[in-house]
1. So what are the radius of gyration and Dmax for the Cα set of segment 101-226, in Å?
2. Please build a GNM for the chain, connecting alpha carbons under 10 Å apart, and tell me which residue among 308, 327, 209 fluctuates the most.
3. Placing one identical point scatterer on every Cα of segment 135-203 and ignoring solvent, what is log10 I(q)/I(0) from the Debye formula at q = 0.18, 0.20, 0.21 Å⁻¹?
4. Give the ranking of 329, 365 by solvent-accessible surface, highest area first, calculated with a 1.4 Å probe.
5. What accessible area per residue, rounded to a whole number of Å², is obtained for the chain using a probe radius of 1.4 Å?
6. Local charge sum around residue 226 (other residues, Cβ-Cβ under 15 Å, Lys/Arg +1, Asp/Glu -1)?
7. When you have a sec, figure out the Kirkwood radius of segment 168-232 from all distinct Cα pair distances and drop it here in Å to one decimal?
8. Restricting to Cα atoms and excluding each atom paired with itself, what does the Kirkwood estimate give for segment 1-108 in Å?
Amino acid sequence: MSFIGEISMSEPIRVLHILQRMEAGGTQALLMNIYRKIDRTKVQFDFLVEYPEKQFYDDEITEMGGKIYYSTVREDFNVFKFMRQLKTILNEHPEYRIVHSHAFTIGYFCLKTAKKCGVPVRIAHSHSNETMHDIKWIPKLIMQKLYTIHATDLFACSEEAGKYLFKNRPFSVLKNAINSSKFVSDGRIREEVRNELGVNDNFVVGHVGRFHTSKNHSFLIDVFAQIKKKKTNAKLILIGSGDLEQNIRNKAERLSLTDSIVFLGNRADMERIYQAMDVFVFPSIFEGLGIVAIEAQAAGIPVICSEGLPPESNVTPLYKKLMLSYGAEKWALEALSIVEEPQCHSNMQQYIIDAGFDMKSTAAEMERFYLDKHYEK
């Protein structure tokens, strides 16, 4: 067992979040957005992650006073070792009166251990409406059914994500909010970033997401190939990392698209990168919400997305949902058509606020929830 970060000598309550790792992903972005906005003299976040390697947000977490406990459960699959580690953490740190689990595959073990250690507030959180199942689904189905047994509170990022994981049990929707003021469309920044990326004379198709089967990058490449046939100056910029990145690079090479695709990896300046795009194409097979689709709309970028996204992701006039079964050519035509919308690259902030996706109110809501729960138990 190891952790980084110094023990705080102040008196905020501490919430222990449990999830895979603090990589550049949607769940992690939500937690970090809340963490940045809450009053950290009142509420502090710590994290128990399932991998031993340092990740994208780790330095920022420790700079804000948070601790990160690393485990190896995703590598050695030793759940009993993981439970012993969590038990040690909770016994050594009785200040943890709230455990917030974001990992349903091992969430049962997390919340069971927390209950045995006397933690009064145990939160199960759903971040997915997963519909793609394979042989590995059988143990996941079992863990899904067990997830809420020891939970005191249930949260979901959307109605679909809640119904998917919690079935008929009551739950609260916590929207994956963003700092909307950071994403407001800005022509100066758009020109600046397009110059930086070398795409100032191109039609730019954008996508943000880890290279995972659920994100459907292979279909995205097919769509881009069709766009390229109709718009020869088209460029695709891909933000993210993951195990399937080389597969996508190989496919791009087979289709002679290598010179037309820019792989940017993980970026900490996404509010700027969106500005460079002409259209955002997001063909995910499933998403709990799809926070990047919210961010793209906030930046005034038109979004073409799949039926894998829940209705809550539609927050501006710059949004169009298509069935994946329509095929790559139909998607390409819609992507080229939606950029003609008159509100493209205009200020969408009020739409974001009206839909409840502005982080200021969400952070205040969670701060109140944690404080109320901590002191009522």
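1. 20.2, 61
2. 327
3. Log10 of I(q)/I(0), two decimals: -0.75, -0.85, -0.91.
4. Values: 329 100, 365 80 Å².
So the residues, ranked largest to smallest area, are 329, 365.
5. Details: 16240 Å² over 377 residues.
Roughly 43 Å² per residue, with all protein chains present.
6. On the way: positive: 228, 229, 230, 231, 235, 251, 330; negative: 222, 329, 334.
Result for the neighbourhood of residue 226: +4.
7. Numbers: mean 1/r = 0.0640 Å⁻¹.
The Cα-based Kirkwood calculation yields 15.6 Å.
8. Numbers: mean 1/r = 0.0714 Å⁻¹.
Mean inverse Cα-Cα distance, inverted, gives 14.0 Å.
The values are calculated or read from the model by the stated rules, or taken from the named source; none is laboratory data. Since the structure is predicted, the reported quantities are computational estimates derived from the model, not experimental observations. Here Cβ is always computed from backbone atoms with ideal geometry, including for glycine, and neighbour counts include all displayed protein chains. We work out accessible area using only protein heavy atoms, side chains counted, and drop any ligands, DNA or RNA first. Shrake-Rupley method; radii C 1.70, N 1.55, O 1.52, S 1.80 Å.
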